Amino acid sequence: MEAPEAAAAAAVDGDDGKRQKGSWYAVGERAVLVPYLREHVPRYHEWMQDPALLEATASEPLSLDQEFEVHRSWTLDPLKHTFIVLDKELIQGEFVVGNPHTEAMVGDVNIYMNDPDDMQLAEIEIMIAEQKSRGKGLGQEVILMMMAFAVEKYRIHTFRAKISDSNTASLKLFRKLGFKDASYSAAFKEVTLEAPAAELPLASPLTIGSW
Ligand SMILES: CC(C)(COP(=O)(O)OP(=O)(O)OC[C@H]1O[C@@H](n2cnc3c(N)ncnc32)[C@H](O)[C@@H]1OP(=O)(O)O)[C@@H](O)C(=O)NCCC(=O)NCCS
C-alpha cells in the first residue's frame, strides 16, 4: 500500500503527476495568489521582524539567511503549500504570470498536511502583514481561495486552524467562515478550530493556472 506521505506528494504534483509543486497561481476578486518565490523572501523577512506578527503567527525571529533556508525547505516539502498574497490594487500594470509582483505582496497563506493519521486534513494559516491591506476583505477571500484550491488539487476534506486565544481578529474571521472550536490548549493559550470542507462557502469556481 502507498504510504500516506507518498499519496499526498503525488497529489501535490498535480493531476498528471508532472507539474511542479509551487507552480500554481490563483486569481480572485481582490487578491492574486502566487507561488512563494526567492524574490519574495527579503520583504517576508522584514514582516517577520515585527513583534506583533511574530506573536500572532507563533513564529521566532530569523536572520535573512535562515529565512532563505526556510523558504527552500518549504519549497521542497511535499506536505506544505504556500502562496504569497498579492493585493490587486497594488499591482503595477496588469498581473503577469511568472512575475513575482513584489510591489503588491501583502501576506501569505499556507496549508500543511501535518496529521499523520489523516493526510486529507490540512492545517491552514493566513497572514495579511501589510496594515494598509487589512480590513478590506482580503483575509476572508484568501482563506476561501486557499481552501478551494486545496479541495480541488489535494482532495482535502477537513481544515484546521490553531489560533492564539488573544487573536480576536483571526478567531472572528475563522468562526465567521463556519469553523467550530474543537479543543483548547491552556499550555499554549491556543484554540484549535476545524471545519469540514463540504460545509464551507468555498470560492468556486476558482480561476487557477500553472506558472
Ligand atoms: C486576521 C487577519 C488575517 C484578518 O485579515 P483581513 O484581511 O484584515 O480581514 P478581512 O478584512 O477579510 O475581515 C474578514 C473578517 O475577519 C474579522 N476581522 C478582521 N479584522 C478584524 C479586527 N481587527 N477585529 C475583529 N474582527 C476582525 C471580521 O469578522 C471580518 O468580517 P467583517 O468585516 O464582516 O466583520 C489579519 O488581521 C492578520 O493577518 N493578522 C496578523 C496575522 C494573524 O493573526 N494571522 C492569523 C494566525 S492563525
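The values are calculated or read from the model by the stated rules, or taken from the named source; none is laboratory data. Predicted model, so just to flag it, every value in this text is computed and none were measured. Methodologically, a virtual Cβ is constructed for each residue, glycine included, from the backbone with ideal geometry; neighbour enumeration extends over all protein chains shown. Each accessible area value is taken on the protein alone, full model and side chains, heavy atoms only, with ligands, DNA and RNA left out. Shrake-Rupley method; radii C 1.70, N 1.55, O 1.52, S 1.80 Å.
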Pairs over 28 Å Cα to Cα, from Lys88/Lys180; Lys132/Lys153; Lys136/Lys162; Lys136/Lys180, come to Lys88/Lys180; Lys132/Lys153
Helix-only [θ] at 222 nm, the chain, -39500 (n - 2.57) per DSSP H run of 4+, per residue, nearest 500, equals -8500 deg cm²/dmol
Checking the stretch 136-211 for trypsin sites (Lys or Arg not before Pro) in a loop per DSSP with at most 14 other beta-carbon atoms within 10 Å yields Lys136, Arg155, Lys189
Per the C-alpha gyration tensor (a ≥ b ≥ c, the square roots of its eigenvalues), the stretch 92-211 is rounded if a/c is under 1.5, else prolate if a/b beats b/c, else oblate; here it's oblate
For Arg155 and Glu55, extending 7 Å from Cα along the Cα-Cβ vector and measuring point to point gives, in nm, a value of 4.3 nm
With 0.36 nm assigned to each residue of separation and the Cα-Cα distance removed, Val70 to Ala186 gains 38.9 nm
The stretch 116-211 accessible area per residue, 1.4 Å probe, protein heavy atoms, integer Å², reads 51 Å²
Checked the chain against the a/c 1.5 cut and the a/b vs b/c comparison, axes a ≥ b ≥ c from its Cα gyration tensor; verdict rounded
To the nearest 20 debye, the stretch 63-138 has a Cα-centred charge dipole, built from +1 on Lys and Arg Cβ and -1 on Asp and Glu Cβ, of 340 debye
For the stretch 53-156, the percent of accessible surface on carbon and sulfur atoms (probe 1.4 angstrom, ligands and nucleic acids excluded) is 49 percent
If every Lys and Arg gets +1 and every Asp and Glu gets -1 at its Cβ, then about the Cα centre the chain yields a dipole, in debye to the nearest 20, of 500 debye
Here, GluC sites (Glu not before Pro) of the stretch 41-95 satisfying both criteria (DSSP loop; at most 15 other Cβ within 10 Å) are Glu94
Of the candidates Ala26, Phe83, Met119, the farthest towards the positive dipole end of the chain (Lys/Arg Cβ +1, Asp/Glu Cβ -1, centred on the Cα centre) is Ala26
